[in-house]
Amino acid sequence: MDDLAQVDAAEFQRQGWALIKGGLISASELETLRSAVQKVVAAEARLASQSAADLEGAGSDEDQRQTGVRVEGQDKRYLMQFRIPETGFDIRLEYPEVMPIVRKYAALARHLLGEDVRILYDHVLIKPPAKDGTRPTMWHQDLTYLPVDRRGLLVVWTPLYDVPEEAGCMRYIPRSHRLGPLGKLPMAQDYQLTDLLRPTDFEIIGNPVGVPLKAGECAIHDGLTLHGAFPNVSDEPRIAWSIAIGPASMLRAASKWAIDRLNHLDLKELEPLNHPSLIAD
Ligand SMILES: O=C(O)CCC(=O)C(=O)O
């Protein structure tokens, strides 16, 4: 727990993100993580060597099967932000040698949340380099994508190699978690913070903070903290590993409303509430 003494839980709760300077993992643990992730990256070599142009038209189930990529949108412009290789999901289950790192991050989450935790997922994130086409990662809140019933989710983001700003470092909006869920915009499109926020929200939040990291360092953010990343204008793919950890008390979100008031309308999950009986005008 000594390493965790540097992480001020109350300040994290106030700001919604924190840089863990120097990281929590040892040099040999970083090597272990690299070796597991490199196996994933090698398995995706065909995709990794494709130019963004080759991904043009990706969008069908067939494309998804062929590219081995499982991400929302399956869209060239989405993939220019980052790819999550199919074999890069839950690598802790495939490569149990990374579990000592997972346990350290779980201890960090326990320290920040003050309660027992559960791992929701881990995954490998590859941001393509400039030559393959690259975009900033659009501002978003992770919690709005995840089927859990409450706040408290934490995401730890660890680069496998140094990530200066030009390689597409992460960016966080301090205190944005205090705004609650903001909904989500299609990340394949370009949009601005002002498209997500109301004017008075800017009185609560801070300016975006870009967070260059050394290999094996990490940054952690609340599931409601708005975050994104710069484009990767370097020559190499930016390779990171991220893990989502939440309070043990969290429940999987119900696919129907927990209260029966709307269930008879047979609304589809995550679709607008367009049933005539719900429209006021
Ligand atoms: O790696 C990126 O560019 C974005 C990652 C991200 O949004 C996350 O790990 O929650």
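Rule-based calculations on the coordinates, nothing more; no lab input. Here the structure is a predicted model, which is why all the values come from computation and not from measurement. Cβ placement follows ideal geometry from the backbone for every residue including glycine, while neighbour counts extend to all protein chains displayed.
So the values come out like this:
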quantity: Residue in region 165-173 that is among the hydroxyl-bearing types (S, T, Y), at negative phi, surrounded by fewer than 24 Cβ atoms within 10 Å (Cβ to Cβ) and more than 9 Å from the ligand (Cβ to nearest atom) present; calculated: no
quantity: Inter-residue pairs, beta-carbon under 8 Å, first over 11 Å from H227 (Cβ atoms) and in region 119-144, second of a type in the set (S, T, N, Q) and in a strand (DSSP E or B), 6+ apart; calculated: D122/S242; H123/S242; L125/S242; K127/T137
quantity: One residue from L273, L262 being within 24 Å of L146 (Cβ to Cβ), in a loop (DSSP other than H, G, I, E, B) and not aromatic (F, W, Y); calculated: L273
quantity: Qualifying residue in region 77-86 (condition: closer than 17 Å to G16 by Cα, touching a helix residue (DSSP H, G or I) at 6+ places or on another chain (Cβ under 9 Å) and not in a loop (DSSP other than H, G, I, E, B)); calculated: no
quantity: Among (1) among the charged types (D, E, K, R); (2) within 16 Å of the ligand (Cβ to nearest atom); (3) in contact with a strand residue (DSSP E or B) (Cβ under 9 Å, 6 or more places away or on another chain), the one test that E236 misses; calculated: (3)
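Matching residues to (1) assigned to a strand (DSSP E or B); (2) surrounded by fewer than 23 Cβ atoms within 10 Å (Cβ to Cβ):
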{"residue": "Y121", "(1), (2)": "yes, yes"}
{"residue": "V124", "(1), (2)": "yes, no"}
{"residue": "K131", "(1), (2)": "no, yes"}
{"residue": "V155", "(1), (2)": "yes, no"}
